[in-house]
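Please treat every number below as a calculation from the coordinates, not as lab data. Owing to the predicted nature of the structure, the values given are computational and were not obtained by experimental measurement. All Cβ positions, even for glycine, are placed from backbone atoms using ideal geometry, and neighbour counts span all protein chains on display.
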Amino acid sequence: MDVQTDLTDTIVALATPQGIGAIGVIRISGNKSLSIANSLFPHKNLMQQYSHTLHVGVLRYKKEILDEVVIGLFKNPASYTGEDVVEISCHGSAFIQSKILEAIIAQGAVLAKPGEFTQRAFLNGKLDLAQAEAVADLIAANSKAAQQTALNQLRGGYSKELNDLREQLINFAALIELELDFSEEDVEFANRSQLKKLIQTFQEKIAQLIKSFQLGNVIKNGVAVAIIGQPNAGKSTLLNSLLNEERAIVSNIAGTTRDTIEESLNINGIIFRIIDTAGIRDHSTDTIENLGIERSRQYAEKAGIIIHLHDASGNKYEDQKIAKWLKPYATKVIDLYNKADILQEEMGNERTDLLLMQGYISATNTNDISLVKEMLYNKVVEEDITLENTIVTNARHLTALRETQKSLNAVEKGLTQKISGDLMSVDIRRALHYIGEITGRVEVDKDILGTIFGKFCIGK
């Protein structure tokens, strides 16, 4: 995407999804927005109407009535883009929408590129870069947690934290650089002990933000959960119980599941992609089953969480071999022992809560499934997710934060070694640059901007 878009152009795009619906919304932004809409709206002079008002009537182009519409006016600077914006709500016919777009383009507008409305909001100072990226995250949000995190960033909570840190650091940078102007007089304007405390505070905050990315990535993209185990351990039964539907075929015949089955499960606002895999055993002579087993191993390696489903009443030797293979992934493994109810019946005892807490479950027991869901959630979420949490969800931000951390470490090292102010100033400026790059307070590479806004849908 060319970020050097001519802001004097008036742009137009369909803001609602393609296809037939009750209504469609066509958005126009730019200097000619009001005059273009006015030329197609014979009922009243839109140029003389107040901002943030709605007007009902027909659109007419070359004596042809296009549709009966509702027109919303948003005059600059009190609009999403900071420019004059007109939103036309028409009927949801693709033909009607096409005819209206053609008429608007004929009057001097050009089709908007992906993300161009939000790009203009950023360039016109209505949003900073982190907020602009939050718009895309909010559109793509598929869970409550993703929605909350994106809303917090869109409201500027994340940006405010970064800007507060940056402003304090700028003040010290200014004092250190002032010292350079009086280097011959050997004066010290910046209190080194205060600067050291400030740097340590910054390091703690940056470290928290970096640590939050692991959770942020889960919130934004969900987490893959591979159910691994020997044949007939109950993997498909567990999948069906978690989803509360008969999604996978359940059979006593070993090797019934030949390929992976993946379904999404929302647990307290986090999306878990549950993957039922083929049973793992070493002695199968079935070529297709062996391909399924190999795929199971691949999914286990890539998954964020592995449920190793043991057969509590079955072949312990096979489970031990699988456990040995999973040893390198121990930090992401949840061990569950299925068919514990059968085991207890054979022993003539009732299952205790202690056994349940140790992972002994029945994949057909509702209470046990609730515990499994709780285990999955606790595996990725260490604390409550609220609107007040600042959680990093963007890989670009993570890279910038890590570079900021390196620069702050260099500043702290310089303070300890009592290096000269000019060398320390370089590291402080570097930290300031990377913090500012997140919010767009410094000039961001045009290719980066193109990548950011190019991922947006057209019309936003």
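Under a cut-off of 25 Å between alpha-carbon atoms, report the lysines in cross-link reach of residue 418, not counting same-chain residues fewer than 8 places apart.
Straight-distance partners of residue 418: 196, 197, 205, 406.
Tell me, in nm to one decimal, what length is gained between residue 161 and residue 175 on full extension, where the rule is 0.36 nm per residue of separation less the Cα-Cα distance?
Extra length available between residue 161 and residue 175 comes to 2.8 nm.
What base-10 log of the normalised intensity I(q)/I(0) is obtained for the stretch 11-127 from the Debye formula, alpha carbons as equal point scatterers, at q = 0.15, 0.23 Å⁻¹?
Rounded to two decimals, the profile gives -0.60, -1.41.
Quick one: which residues, 5+ away or cross-chain, put their amide H under 5 Å from the amide H of residue 23? H built at 1.01 Å from N.
92
Show which lysines lie in cross-link reach of residue 327 when reach means a straight Cα distance below 17 angstrom and same-chain residues fewer than eight apart are skipped.
The reachable lysines, counting only those whose Cα sits under 17 Å from residue 327, are 302, 316.
Less than 18 Å apart at the alpha-carbon level, and either on another chain or at least 8 residues along: which lysines does that give for residue 62?
Of all the lysines, those that pass the test against residue 62 - Cα under 18 Å, at least 8 places apart if same chain - are 44, 99.
Using unit Cβ charges (K, R positive; D, E negative) and no other charged atoms, how large, in debye to the nearest 20, is the dipole of the stretch 1-133 about its Cα centre?
Working: 11 positive and 13 negative charges, 87 e Å.
The dipole magnitude comes to about 420 debye.
Scan the stretch 399-435 for trypsin sites (Lys or Arg not before Pro) in coil per DSSP, keeping those whose Cβ has at most 14 other Cβ atoms within 10 Å, and list them by number. Walk me through the intermediate numbers first.
Working: sites: 402, 406, 413, 418, 429, 430; in loops: 418.
The qualifying sites are 418.
Report the label-to-label distance for residue 298 and residue 399 in nanometres (one decimal), using points 7 Å from each Cα along the Cα→Cβ vector.
2.8
Relative contact order of the stretch 11-127, please, whole-number percent, based on alpha carbon pairs below 8 angstrom and at least 6 residues apart.
Details: 222 pairs, mean separation 36.5, N = 117.
31 percent.
Kindly rank 154-160, 15-21 from highest to lowest mean number of other beta carbons found within 10 Å of each residue. Mind dumping the intermediate values first?
Working: 154-160: 18.0, 15-21: 12.7.
Highest-to-lowest ranking by the protection proxy: 154-160, 15-21.
Have a look at 80, 22, 38 and report the one farthest towards the positive end of the charge dipole of the stretch 11-127, computed about the Cα centre with Cβ charges (Lys/Arg +1, Asp/Glu -1).
38
Taking a threshold of 30 Å on the Cα-Cα distance, which of the pairs 332/460; 235/379; 32/460 fall above it?
Working: 332/460 38 Å; 235/379 19 Å; 32/460 19 Å.
Result: 332/460 exceed 30 Å.
With N denoting the number of residues in the stretch 1-63, provide Rg(C-alpha) divided by 2.2 N^0.38 Å, to two decimal places. Walk me through the numbers on the way to the answer.
Working: Rg = 13.9 Å, N = 63, 2.2 N^0.38 = 10.6 Å.
Rounded to two decimals, the normalised Rg is 1.31.
Hey, can you rank 58-70, 297-309 by average C-beta count inside 10 Å, highest first? Let's see the in-between values first.
Numbers: 58-70: 14.3, 297-309: 19.8.
By packing density, highest mean first, the sequence is 297-309, 58-70.
Just to verify a number: FRET efficiency for residue 20 and residue 47, C-beta to C-beta distance, R0 = 25 Å, to 0.05?
On the way: r = 33 Å, r/R0 = 1.33.
Efficiency for this residue pair is about 0.15.
Testing the spin-label approximation: label points 7 Å from Cα along Cα→Cβ at residue 193 and residue 420. State their distance in nm.
Taking the simple label geometry, residue 193 and residue 420 are separated by 2.7 nm.
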